[in-house]
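Colleague: Next up is a structure, given as structure tokens.
The values are calculated or read from the model by the stated rules, or taken from the named source; none is laboratory data. Since this is a predicted model, take the numbers as computed values, not measurements. Neighbour counts are summed over all protein chains in view; Cβ atoms, including those assigned to glycine, are modelled from backbone coordinates with ideal geometry. Keep in mind that these areas ignore ligands, DNA and RNA; they rest on the heavy atoms of the full protein, side chains included. Shrake-Rupley method; radii C 1.70, N 1.55, O 1.52, S 1.80 Å.
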Amino acid sequence: MTGGSGGTRYYLTGSALDVRGVAKNDDFERYTLRLNLDQELGSVLQVGTNTNLSYSDRGGMPASFASAFEMNPLTNAYNEDGSLTIRPWIEDPFFLNPLQGLLAKSDDVTRRVFTSNFAQVDFPFLEGLSFRVNAGLDYANGHEGRYYGMNTGTGAARGGYAITSNSIRFDWTLENLLRYTRSFEKHNLDLTTLYSRQGNRLESESLRAEGFPNDVLGYYQPHLARSLDPSAGITESDLVSQMGRLNYSYDGRYLLTLTVRRDGYSGFGANHKYGVFPSLALGWNVSEEGFWPFAERFNALKLRLSYGKNGNQAISPYRTLARLGDRSYVDLGTTLPGFIPATLGNPDLKWETTTALNLGADFGLLGDRVRGSLDVYSSRTSDLLLSRSISPTHGIDVVTQNIGKTANRGVELSLSTLNVEAGDFSWSTDLSFAFDRNEIVDLYGDGLDDLGNQWFIGRPIDVNYGYQFEGVWQEGGDIANSTQPNAKPGDIRVRDVNGDKKIDPLNRVILGSLQPDYTAGLVNTLRYGNLTLTANLYTVQGVSRPNPLLSTSRFGDEGRYNTVYHRYWTPENRSNRYPANRAGTNLGLPVSFYEDASFSRLKDVSLSYDVPEAFSTRFGRSSLRVYVNGRNLWTHTDWTGLDPELSSENQTGAPLERVFVGGINVRF
């Protein structure tokens, strides 16, 4: 509902969402209520709020796709009486029923309040001068409880198992903005200053318990448990910012923006909490010049240049502090507190800083039948906040540090065209294209690579690095005099990269690229009368990743894990693409199988019909739209697994869903 009168404007909406996932018991419910209210109090004061209330329920333990994927397909999920089996594979009790979550009691509820409010004063004594306060609050209260009874594998092994957790998240923002705008003749001036502060606080407590007399009370009986494992935590952080910005334009042709930010983050060391980040942006509307000779065909052209710095505080709080981990111990039957070093402190942590240069152009041709923008950018990032692997001599193997420099460059193009416009029919196209490259410029100032962390000068931070698969050892080959004399026919053959007649870590190389050659999107929109058809195609090309579904480690002990179909090497099928179906074919070497993860996907197709106004107004409606929509309808890829867009670790989880939606939009 929306409306208003005088100086009051309001918008009130509510929604209900009930989703059933592709896995059994994978359900989600959400109910929201939203109020937008603006009120003018006289001629100088305006206040407003945007407030959202929501209730979310993610209760229920879904069936495990990952467990089902690895399970022996010849087992039974159900007993003869229809009840779920606890361990479907009688010969191997290691595997639990992937459906056991259906029997677990599980609650997961979040109640949230999000409100953004403002008050603005327009000072009457100086035209164009205003002061605005923005105050935001995000409060969420979460409760999660789970109980595995004796009819589940997890519960049966522990005499009942309960997990409960409660959390309170409290985030707030306060912004003070003083703004002055003025126009005189062909000059336009906009000056803004800002002082803001943001706070984040998260409190949590959890309890794990096992060993219960029965399952009647579920997770509401921790006092009866044989064993308890409680934990609690709190995390707080603050961000303080000051900013000054000047926008100036002359006659709509020449544009200037100067900005200086000063940001402070509580998570950095005492001497490095603040960073200063200036920037400059210039714009020139060339097509507004009187001398522009191509106005008829090239009706719009704006050139842009920007240069500046921005900061990144991409670490969680307390990384500057050395922390201890709990290692309680038992002495004469009594549990006593104990602690061991958990992290190394680094009081010198500071802002990660990126200096960027961007050249761009916005253009329009043929009366804006062709519109687009082109951006070419280059940036340097220094003092990267990275987790660095170190020697575990002191019991700690990772430390967070500001390390090295990287360079990033790329091109982005967006193009919108009106291809056909004839009577009631039109066809328009939106094209986007992006090319991006990043590389490490320096690490520790000595120009050397860091093999332990797999960081290489001139390469991206994340790379595919390892031994190169060169095929499969065959019968009749001279294995005894090879670089892998202990191999057998059917074992993996590793390439001797440096030609030193042995296979060791020096033979590891960078394989393929985790960076795509390019990404692109294409949206076509066809309109005929009140009908609209839209199709969205997206593609990622030139990226390769390790595929865990092809790893020989999935064989486990004597091939316990189910996996995808392979043409294994056998004496009769002397494949050179995949080794024999037995454990140990990689001869102890971590050889990964890489695949092309490029793909093209029809992400979205929608068809809508706008009911003629003359018809809809008969029933008291100002507009009525009927629509159907399909998502993830088609994918082309050579990737073996669920989806090339999912991470390598999630190739056995829930698949990407193909979704069909139908709906009606009504406005009264």
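Colleague: Over all directions, average the projected area of the Cα convex hull of the stretch 320-458 and note it in nm². Please report the intermediate quantities before stating the final value.
Modeller: Working: hull surface 65.7 nm².
Computing the convex hull of the Cα atoms and averaging its projections yields 16.4 nm².
Colleague: Averaged per residue, what accessible area in Å² does the stretch 447-551 show with a 1.4 Å probe, protein chains only?
Modeller: With all protein chains present, the stretch 447-551 gives 50 Å² per residue.
Colleague: Quick check on the stretch 625-668: what are the equivalent-ellipsoid semi-axes from the Cα gyration tensor, as sqrt(5λ), descending, whole Å?
Modeller: One finds semi-axes of 32, 11, 7 Å for the stretch 625-668.
Colleague: May I pose another question? Can you tell me which lysines have their Cα less than 21 Å from the Cα of K488? Leave out same-chain residues fewer than eight positions away.
Modeller: K501, K502
Colleague: Within 10 Å, count the other beta carbons around each residue, average over each peptide in 94-106, 321-333, 199-211, and list them highest first.
Modeller: Sorting 94-106, 321-333, 199-211 by mean packing, highest first, produces 94-106, 199-211, 321-333.
Colleague: Continuing with this model, one more query. Averaged over every viewing direction, what's the projected area of the C-alpha convex hull for the stretch 488-620? Give it in nm², one decimal, please.
Modeller: Over all viewing directions, the stretch 488-620 projects a mean Cα-hull area of 15.2 nm².
Colleague: Hey, rough spin-label estimate for L633 and H143, points 7 angstrom out along Cα→Cβ, what's it come to in nanometres?
Modeller: Roughly 4.5 nm, to one decimal.
Colleague: From the P(r) of the stretch 104-206, can you give the percent of Cα pairs sitting at distances over 21 Å?
Modeller: So the pairs more than 21 Å apart make up 61 percent of the total in the stretch 104-206.
Colleague: Can you divide the C-alpha Rg of the chain by 2.2 N^0.38 Å and report the result to two decimal places?
Modeller: Ratio of Cα Rg to 2.2 N^0.38 Å: 1.20.
Colleague: What is the packing order of peptides 222-234, 356-368, taking the mean over residues of other C-beta atoms within 10 Å and listing the highest first?
Modeller: 356-368, 222-234
Colleague: Grab the alpha carbons of the stretch 14-162, take their convex hull, and tell me the volume per residue in Å³.
Modeller: Convex hull volume per residue, Cα atoms: 147 Å³.
Colleague: Over the chain, what is the mean sequence separation of C-alpha contacts under 8 Å (at least six apart), divided by residue count, expressed as relative contact order in percent? Could you put the intermediate results ahead of the total?
Modeller: Details: 1694 pairs, mean separation 42.3, N = 668.
Computed value for the chain: 6 percent relative contact order.
Colleague: Where a Cα-Cα gap under 13 Å defines reach, which aspartates and glutamates qualify for K302, not counting those fewer than 8 residues away within the same chain?
Modeller: E288, E289, D362, D375
Colleague: Something else about it: Which distance in nm do the two modelled labels at L282 and T343 give, with both placed 7 Å along the Cα-to-Cβ direction?
Modeller: Once both label points are built, they end up 4.4 nm from each other.
Colleague: Could you compute the net charge surrounding F469? Neighbours are other residues with a C-beta less than 11 Å from the C-beta of F469; K and R count +1, D and E count -1.
Modeller: +2
Colleague: Taking the Cα centre of the stretch 109-240 as origin and charging only Cβ (+1 Lys, Arg; -1 Asp, Glu), how large is the dipole, in debye to the nearest 20?
Modeller: 200 debye
Colleague: Taking H as built 1.01 Å from N, whose amide H comes closer than 5 Å to the amide H of D27, not counting residues under 5 places away?
Modeller: Amide H neighbours of D27: G21.
Colleague: While we're here: Ranked highest first by the average count of other Cβ atoms within 10 Å around their residues, in what order do 269-275, 178-184 fall?
Modeller: On the way: 269-275: 15.0, 178-184: 13.1.
Listed from highest to lowest mean packing, they are 269-275, 178-184.
Colleague: So what does the Cα-only Debye profile of the stretch 426-529 read at q = 0.16, 0.17, 0.18 Å⁻¹, as log10 I(q)/I(0), no solvent term?
Modeller: Result of the Debye calculation: -0.85, -0.90, -0.95.
Colleague: Add +1 for every Lys or Arg and -1 for every Asp or Glu among the other residues with Cβ under 12 Å from the Cβ of A361, and state the total.
Modeller: Result for the local shell: 0.
Colleague: Hey, any idea what % of the stretch 130-254's accessible area is carbon plus sulfur with a 1.4 Å probe?
Modeller: Roughly 53 percent, rounded to a whole number.
Colleague: Then there is this: Using 0.36 nm times the number of residues separating S316 and T32, minus their current alpha carbon distance, what extension gain do you get?
Modeller: 99.2 nm
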